[in-house]
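Below: one structure, written as structure tokens.
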Amino acid sequence: MNKRDYYEVLGVSKTATDAEIKSAFRKLAKKYHPDVSKEPDAEAKFKEAQEAYAVLSDSSKRQQYDQYGHAAFEGAGAGGFDFSGFDFSDIFSDLFGGGFGFGGRNTSRARKGSDSLIRMNLTFEEAVFGTKKTINLDVVEDCKECSGKGGHGEKTCPTCHGNGEVTSEQRTIFGAFMTKSTCPTCKGQGRSYETTCSTCRGTGKQKKNTDLEVTIPAGVDNGNQLRLAGKGNAGVNGGPNGDVYIEFNVKSHPIFERDDDNIYLELPITIADAVLGCKKDVPTLYGTVKLTISSGCMTGDKYRLKGKGVEHIHSSRKGDMYVIIKVITPKKLTKEQKKLFEQLQKTNLEEGNEFKKISEYI
């Protein structure tokens, strides 16, 4: 099933600011929320807008989407990107008030943990061929002492009787209105504890420093990101862990230039080699090859070495390598060399349209 572009779904440009993206989603949410819309396809349009906002409102996920499109989230669920753990409560509470019936913040529901972003430096060769790295990171996990609850001796909250919300009546000139809000005693959890956990001080969370071995696939490039699913901070109320994203900074190479999966090398040759042709040993990512350079070549001429580029990150296909000729004019000559050039200068070498174009204006 083909998905619509997320920017098209929200009706914004690819350069839209965070505020513009949020505003566009608010309008669509208010229009298509199943609780208020009577349109037959409202639920489908509402979910489509939810998914688009969940991606574009997250800077790291938006960067992935801009680079790879919907393919960036393949395998995340039957429909692609899994936004089930995304918290839309700040949007819905603004639209419909704090009541749970219209998506207000329900602090007792399971929520995904927050993601983390780590920047990693790689050498040119590590990026091309892949490698293994050990990263050190601080993550928040559930407290082992209280199993992430924050206390011991669980009991039903006496204020909300386990509902996590309280109902109050407000009287106005238009009549009486019943409103629901988060229980102030249990903060929406619906439960309280006889004693607070001394280890986590009631938060239910602990910070842990850990080493994580990461396999970097061959073919990553500068600015690419690698997602480590479930390696981020612990979720809330039994929700899944967040993810860790690794963004790569690849060091440049002394002689190779990379453009996507292709490699470029500038090869210097002498005037004699350019005129007469020659064979040169050329370094590649996979060893030295013998390159035959035809006679009469000039600076800028290009030779293609098929399959000598970088392996594509999502397949085994390799790019190509291009050798760019650069004819070097000698700055210092021996007496013998100078005499040879003086003799050569006396011969007529001005052939071709390049010389004729100039001579017409002299």
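Every number here is computed from the coordinates shown, using simple stated rules; none is lab data. Since the model is a prediction, treat every value here as computed from it, not as a measurement. All Cβ positions, even for glycine, are placed from backbone atoms using ideal geometry, and neighbour counts span all protein chains on display.
Looking at the chain, what % of its DSSP beta bridges pair antiparallel, to the nearest 5?
In the chain, approximately 75 percent of DSSP beta bridges are antiparallel ones.
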Computed log₁₀ I(q)/I(0) - Debye formula, equal Cα scatterers, no solvent, segment 228-279, q 0.21, 0.22, 0.25, 0.28 Å⁻¹: -0.85, -0.88, -0.95, -1.03
Set of aspartates and glutamates with alpha-carbon distance to Lys331 below 19 Å, sequence-local pairs under 8 removed: Asp273, Glu342
Kirkwood Rh in Å, taken over segment 225-320 so that all alpha-carbon pairs contribute: 17.0 Å
Whichever lysines have a C-alpha closer than 17 Å to that of Lys279, once near sequence neighbours (fewer than 8 apart) are set aside: Lys290, Lys302, Lys326
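Relative to the present Cα-Cα distance, how much length would full extension add between Glu194 and Gln345 at 0.36 nm per residue of separation?
Details: separation 151, 0.36 × 151 = 54.36 nm, distance 10.10 nm.
Difference between extended and current length: 44.3 nm.
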Spin-label pair His312/His70, simplified geometry with 7 Å Cα→Cβ offset, distance in nm: 1.9 nm
Linear extension gain, Val214 paired with Ser295, 0.36 nm per residue minus alpha-carbon span: 24.2 nm
Full-extension gain in nm, Lys3 to Thr288, via 0.36 nm per residue minus C-alpha separation: 98.0 nm
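Can you tell me the FRET efficiency between His253 and Leu276 if r is taken as the Cβ-Cβ distance and R0 is 30 Å, rounded to the nearest 0.05?
Calculated value: 0.45.
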Rg(Cα) / (2.2 N^0.38 Å) computed for the chain, rounded to two decimals: 1.57
Shape parameters for segment 28-73, alpha-carbon atoms, Rg then Dmax in Å: 12.8, 37
Lysines whose Cα lies under 29 Å from that of Lys132, excluding same-chain neighbours fewer than 8 positions away: Lys61, Lys112, Lys207, Lys208, Lys231, Lys251, Lys306, Lys308, Lys318
From phi via Karplus (6.51, -1.76, 1.60), per-residue ³J(HN,Hα) for segment 245-255 in Hz, x at Gly/Pro: 10, 10, 9, 9, 10, 9, 6, 6, 9, x, 10
R0 of 30 Å, Cβ-Cβ distance Glu266-Leu333: FRET efficiency to nearest 0.05: 0.80
Cut-off under 5 Å, modelled amide H: who pairs with Asp301 long-range: Ile325
Leu137-Lys27 FRET efficiency (beta carbon distance; Förster radius 30 Å; 0.05 resolution): 0.20
